[in-house]
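Notes to accompany the following structure.
The values are calculated or read from the model by the stated rules, or taken from the named source; none is laboratory data. All figures in this text were calculated on a predicted structure; none of them were measured in a lab. Ideal geometry is used to build each Cβ from the backbone, glycine not excepted, and the neighbour counts take in all protein chains shown. Side chains are part of the model used for accessible areas, which takes the heavy atoms of the whole protein and leaves out ligands, DNA and RNA. Shrake-Rupley method; radii C 1.70, N 1.55, O 1.52, S 1.80 Å.
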Amino acid sequence: MIKLAISAPLSISAKEKLKQNGVKLLEFDGNPSVMPQVKYHSDLSFFYAGNNTVFTAAEAECTGRYLSSLGYCVIPLSKLKAEYPFDVPLNCVAVGKHFICNTDTVSKKIFQYFSDRQYEIIPVSQGYTKCSVVPVTDKALITDDESIFRECILRGLDVLKVSKGNVELEGFPYGFIGGASGKIGDNLIAFNGDINTHENGEGIKKFLSSHGISYISLDKGKLVDVGSIIPLY
């Protein structure tokens, strides 16, 4: 079965590795409203809520129409802005029956969607929530953010806290671990770059293994934040 995922344009070798793992990559054509360095970051313009439901920024209309033609329920939201926090209404993450978000910055429509479905809301201070999280299982995740680590631990999730500064993002001092990865199968996570270049690479691999999760490194060299590889299945 072909699995669809959405991401910024990746290298030829990265796309080939995704293809080998049954993933068809839908490359987002960019959002002109956010900062140029992150205009292709899908985790700013898209949020997949499961059950074939995709929330999109208004600027992603073209991609939204394509997803609608494939049978997805597409829910368009307002346009984004370059200034934080107006660039992060869709930057949130669901881990199992937990919905992790900054309740002050997340889209009210997305928040209501998960509240109505009785997800446990985990409020955090980090507005770039999805950027900062690698979902591992329904009860485990990796993060480089202290507030996410603290709040998720309090609610019984298994969380590996890793250091910042090991992920590249053009135009910024560093990127985020969640933005350099994506779960492309029930038991498989892809990293955009070589996970062994991360200061906590060995710890990350051990944590994944402890939860029965495998990984692939899509490229050589340092991890690069591309705004997440978002599975649409």
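Here are the numbers for the structure shown:
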{"quantity": "Computed accessible area, residue 108, all protein chains, 1.4 angstrom probe, square angstrom", "calculated": "130 Å²"}
{"quantity": "Contact order normalised by residue count of region 1-52, Cα under 8 Å, 6+ apart, percent", "calculated": "36 percent"}
{"quantity": "Positive minus negative residues near residue 171 (Lys, Arg vs Asp, Glu; Cβ under 15 Å)", "calculated": "-3"}
{"quantity": "Mean separation of Cα contacts under 8 Å, 6 or more apart, over the residue count of the chain: relative contact order %", "calculated": "20 percent"}
{"quantity": "Fraction of beta bridges assigned by DSSP in region 88-200 that are antiparallel (%, nearest 5)", "calculated": "60 percent"}
{"quantity": "Environment charge at residue 110 (Cβ cut-off 14 Å; Lys +1, Arg +1, Asp -1, Glu -1)", "calculated": "+1"}
{"quantity": "Proximal aspartates and glutamates relative to residue 39, as straight alpha-carbon distance under 19 Å, when same-chain residues fewer than 8 apart are discounted", "calculated": "27, 29, 59, 61, 83, 87, 168, 170, 225"}
{"quantity": "Protein-only accessible surface order, largest first, of 138, 144 at 1.4 Å", "calculated": "138, 144"}
{"quantity": "21 Å Cα-Cα threshold exceeded, pairs from 3/206; 164/205; 97/206; 79/108", "calculated": "3/206; 97/206"}
{"quantity": "Accessible area, probe 1.4 Å, largest first, for residues 211, 98", "calculated": "211, 98"}
{"quantity": "Beta bridges by DSSP in the chain, antiparallel share as percent, to the nearest 5", "calculated": "45 percent"}
{"quantity": "Summed side-chain charge close to residue 126 - residues other than residue 126 whose Cβ falls under 14 Å, Lys, Arg +1, Asp, Glu -1", "calculated": "-3"}
{"quantity": "Where a label projected 7 Å from the Cα of residue 83 along Cα→Cβ would reach, residues of region 111-145 with amide N under 19 Å", "calculated": "127-128"}
{"quantity": "Förster-model FRET efficiency, 30 Å R0, residue 4 and residue 154, C-beta, rounded to 0.05", "calculated": "0.30"}
{"quantity": "Over region 1-129, relative contact order from alpha-carbon pairs under 8 Å, at least 6 apart, %", "calculated": "17 percent"}
{"quantity": "Simple Cβ-charge dipole of the chain, Lys/Arg +1 and Asp/Glu -1, about Cα centre, in debye nearest 20", "calculated": "500 debye"}
{"quantity": "Value of [θ]222 nm, deg cm²/dmol, for the chain, DSSP H segments ≥ 4, -39500 (n - 2.57) each, nearest 500", "calculated": "-6000 deg cm²/dmol"}
{"quantity": "Label of the coordinate-derived value, P(r) over Cα pairs in 5 Å bins from 0, in percent, listed as [x] 1, 6, 13, 16, 17, 15, 11, 8, 5, 3, 2, 1, 0, 0, 0; [y] 1, 7, 16, 20, 22, 18, 11, 4, 0; [z] 1, 6, 13, 15, 15, 12, 11, 9, 8, 6, 3, 1, 0, 0", "calculated": "[y]"}
